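The values are calculated or read from the model by the stated rules, or taken from the named source; none is laboratory data. Remember, predicted model here, so these are calculated numbers, not experimental data. So basically every Cβ, Gly included, is an ideal-geometry build from the backbone, and we count neighbours across all protein chains shown.
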Amino acid sequence: MKTKRKFPKWLKVTLVIALPLLAAAMLLWPQPYFLEMPGTAAPVAQMVKVSGKSDAEKGDLSLTTVEITQANFAMMLWAKTQPFVSVETAQNMLGGLSNQQFDLVNQFYMQTAQNVAVIEAFKAAGKPYTLSYQGVYVLQITNDSTFKGQLEIADTITSINKVTFKSSAEMIAYVEKQKVGAPVEIKVTRMSGGVHNFSGHYIKLSNGKTGIGIGLTDHTNVVTEPKVTIDAGNIGGPSAGMMFTLEIYQQLTGKNLTQGRHIAGTGTIEEDGSIGQIGGVDKKVATASKAGATVFLAPDSGNKNPDENNYLAAVAAAKKAHTSMKIIPVKTLQDALSYLEK
């Protein structure tokens, strides 16, 4: 004969309370995934200032952003119901970087985009500019570098053993003449502020030459008259380059590019005037449409594969969003100017 086992009342109450809490915790616990979703459309006239000039146009040139946030399980389920929200692995999103390193790299890309935007706008306007060498950006630190744990990505090295240089080529040539194992002191400025001195030793690089174990690129500032200042707040990355360039050009020349229209767009600006591809263009189309833009400028690589051509992907996204916003292909800055000046 079997008897029914009775559980204590306190255990039943505990289970009634604990199980829902446990289920909620599992749904809300952060996962190693990120959500990429439509962000904002921000008028660049509010970020760009050409000294002595103004943007009194009634229309807008707007950059578009993608919002990135770490996901939990509930958010991942929600994402499956949204047409313009995607789930990305941490590796795909961060590329092996920490969150802090990812943010620093995006700050570097933003600063570089702003510099190139000024250069290309002044070129297009036929105005002079000069470049002021500041040092070299640190973009990578090798595992065998004696400065690993001291340097940060996006630091600017301004001197080595108190020797300053006029170009990265000069600095590299100096370092290559030094002896492997010899002590070295470097001076850096940090993007977040502050000047730091670090000590280490020269190492033998994989190519057999002497180095300090970093990946680098020139850090230059553009000097112009009139002066251009850009404050993008906490927006990072290079994809606003084209829109910054158009706004600087519009203020610098006094030309009316918007003609009362709300024009959004995306794309990097390169030093040859070409417009480069970006990520998340479908989300940026959705963002621009929701913000009321009537025109969207999209980089056109010329490739027939939408995965490798922002323009084709933008056209597909516009159809998916049921928007009447015009999608305009641009391969170069001149393409964008020619369209807007018509």
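Descriptive notes on the structure:
- Enumeration of residues in region 204-217 that are outside any loop (DSSP other than H, G, I, E, B) and either of a type outside the set (Val, Ile, Thr) or touching a residue at least 60 places away in the same chain (Cβ under 8 Å) (or both): Lys204, Gly211, Ile214, Gly215, Leu216, Thr217
- Top-ranked residue in region 152-175 [being assigned to a loop (DSSP other than H, G, I, E, B) and in contact with a Phe, Trp or Tyr (Cβ under 8 Å, 6 or more places away or on another chain); ranked as farthest from Asp218 (Cα to Cα)]: Ile153
- Residue pairs meeting the criteria (Cβ under 7 Å; at least 6 apart or on separate chains; first on the phi > 0 side of the Ramachandran plot, in region 263-276; second assigned to a loop (DSSP other than H, G, I, E, B)): Gly267/Ser239; Gly267/Ile278
- Evaluated against (1) in a helix (DSSP H, G or I); (2) over 23 Å from the mean Cα position of the chain (by Cα); (3) buried (at least 16 other Cβ atoms within 10 Å of the Cβ), Thr323 falls short on exactly one condition, (1).
- Residue match in region 128-150 (condition: under 30 Å from Gln334 (Cα atoms) and in a loop (DSSP other than H, G, I, E, B)): yes
- Residue check, Gln100 closer than 21 Å to Lys187 by Cα and surrounded by fewer than 19 Cβ atoms within 10 Å (Cβ to Cβ): no
- Any hit, region 107-115, residues being assigned to a helix (DSSP H, G or I) and in contact with a Leu (Cβ under 9 Å, 6 or more places away or on another chain): yes
For every residue, the table says whether it meets (1) modelled with pLDDT of 90 or more; (2) in the same structural domain as Ile263 (by TED's automatic domain parsing); (3) assigned to a strand (DSSP E or B).
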{"site": "Ile17", "(1), (2), (3)": "no, no, no"}
{"site": "Phe34", "(1), (2), (3)": "yes, no, yes"}
{"site": "Lys49", "(1), (2), (3)": "yes, yes, yes"}
{"site": "Ala56", "(1), (2), (3)": "no, yes, no"}
{"site": "Leu63", "(1), (2), (3)": "yes, yes, yes"}
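- The set of residues from region 254-277 being closer than 13 Å to Asp60 by Cα and among the charged types (D, E, K, R) comprises just one member, Arg261.
- Residue match in region 328-341 (condition: under 30 Å from Tyr129 (Cβ atoms), charged (D, E, K, R), out of contact with any helix residue (DSSP H, G or I) (no Cβ under 8 Å at 6 or more places or on another chain) and surrounded by fewer than 16 Cβ atoms within 10 Å (Cβ to Cβ)): yes
- Criterion (within 15 Å of Lys123 (Cα to Cα) and acidic (Asp, Glu)) met by exactly one of Asp272, Asp218: Asp272
- Residue count for region 153-175, restricted to those that are surrounded by 16 or more Cβ atoms within 10 Å (Cβ to Cβ) and touching a strand residue (DSSP E or B) at 6+ places or on another chain (Cβ under 7 Å): 10
- Qualifying residue in region 233-253 (condition: at pLDDT 95 or above, assigned to a strand (DSSP E or B), under 21 Å from the mean Cα position of the chain (by Cα) and under 25 Å from Asp60 (Cβ atoms)): no
- Selection status of Gln178, assigned to a loop (DSSP other than H, G, I, E, B), of a type outside the set (A, V, I, L, M) and either modelled with pLDDT under 95 or surrounded by fewer than 16 Cβ atoms within 10 Å (Cβ to Cβ) (or both): no
- Picking from residues in region 181-200 that are modelled with pLDDT of 95 or more and hydrophobic (A, V, I, L, M, F, W, C), the one that is nearest to Asn221 (Cα to Cα) is Val188.
- For beta carbons closer than 6 Å, sequence separation of 6+ or different chains, a first residue in region 314-342 that is assigned by TED's automatic domain parsing to the domain that holds Thr294 and within 19 Å of Val285 (Cα to Cα) and a second that is assigned to a helix (DSSP H, G or I) and polar (S, T, N, Q), the qualifying pairs are Ala321/Ser289; Thr323/Ser289; Met325/Ser289.
- Residue check, Phe147 touching a Phe, Trp or Tyr at 6+ places or on another chain (Cβ under 7 Å), modelled with pLDDT of 90 or more and not hydroxyl-bearing (Ser, Thr, Tyr): yes
- Some residue of region 270-282 being part of a helix (DSSP H, G or I) and closer than 19 Å to Glu36 by Cα: yes
- Where Gln107 falls short, out of the listed (1) modelled with pLDDT of 95 or more; (2) closer than 28 Å to Asp335 by Cα: (1)
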